[in-house]
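Read the structure below first, then the notes.
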Amino acid sequence: MDLHPDFRDLLAEFARQKVSYAVIGGYAVGHHAKPRATKDLDLLVSASGDNLERVGRALEQFGALPSVVAAAKVLAPTEIVYLGVPPVRVDILRSVDGIEDVDVTLARAIHTSLGDLTIPILALDDLVANKRAAGRPQDLADVALLEKVRRRK
């Protein structure tokens, strides 16, 4: 997985703060199948315990605006916190289509190494469920690609 240095720095802060999260969206598709263009890095975060507080601390250490840090600490299930501008934008979400229990899903995430950084990525079956439920044209194209990958395994 090839990440923009800003993404890598943010995920390193997530690791330092022990944030419970997983990479979803286009970067997860790229990990499981093949890289494709995407306008952002999508992160699914847990709201359990003090995880949102840890997200806020990570964003603060990363250098995010105070308004972004504050929004992340009180992120509602249907809200998205945006950071940056495409193609180097980060979307932080607490829930996504097709995923019923975020904490169970995060526990199933696979982990990949990027140098000294370990990054959790949504498991293939969960990514397919998410993309299928989202149902947008790009998501359905991703499902077709991911289904081919799943059949090969």
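General remarks:
- Extreme residue, farthest from residue 27 (Cα to Cα), among residues of region 63-111 that are of a type in the set (Lys, Arg) and without any contact (Cβ under 8 Å) to a residue 24 or more places away in the chain: 73
- Verdict on residue 49 being within 18 Å of residue 129 (Cα to Cα) and in contact with a Ser or Thr (Cβ under 9 Å, 6 or more places away or on another chain): no
- Residues of region 111-153 that turn out to be aliphatic (A, V, I, L, M), over 15 Å from residue 11 (Cβ atoms) and at pLDDT 95 or above, as a count: 13
- Among the residues listed as 19, 29, the single one being under 12 Å from the mean Cα position of the chain (by Cα), in a loop (DSSP other than H, G, I, E, B) and touching a residue at least 12 places away in the same chain (Cβ under 8 Å): 19
- Positions within region 46-62 being within 17 Å of residue 22 (Cα to Cα), free of Cβ contacts under 8 Å to residues at least 12 places away in the same chain and among the acidic types (Asp, Glu), in sequence order: 50
- Verdict on residue 114 being in contact (Cβ under 8 Å) with a residue 60 or more places away in the chain, over 12 Å from the mean Cα position of the chain (by Cα) and buried (at least 20 other Cβ atoms within 10 Å of the Cβ): no
- Checking residue 77 against (1) surrounded by 14 or more Cβ atoms within 10 Å (Cβ to Cβ); (2) assigned to a loop (DSSP other than H, G, I, E, B); (3) at negative phi, the condition it does not meet: (1)
- Residues of region 55-93 satisfying the condition of being of a type in the set (Lys, Arg) and in contact with a Phe, Trp or Tyr (Cβ under 8 Å, 6 or more places away or on another chain): 89
- Condition check for residue 57: over 13 Å from the mean Cα position of the chain (by Cα) and at pLDDT below 95: no
- For region 6-29, a tally of residues being farther than 18 Å from residue 69 by Cβ and buried (at least 18 other Cβ atoms within 10 Å of the Cβ) returns 8.
- Residues located in region 127-153, provided they are closer than 20 Å to residue 75 by Cβ and surrounded by 20 or more Cβ atoms within 10 Å (Cβ to Cβ): 130
The values are calculated or read from the model by the stated rules, or taken from the named source; none is laboratory data. This is a predicted model, so every value here is computed, not measured. Note: ideal-geometry Cβ built from the backbone for every residue, glycine included; neighbour counts use all protein chains shown.
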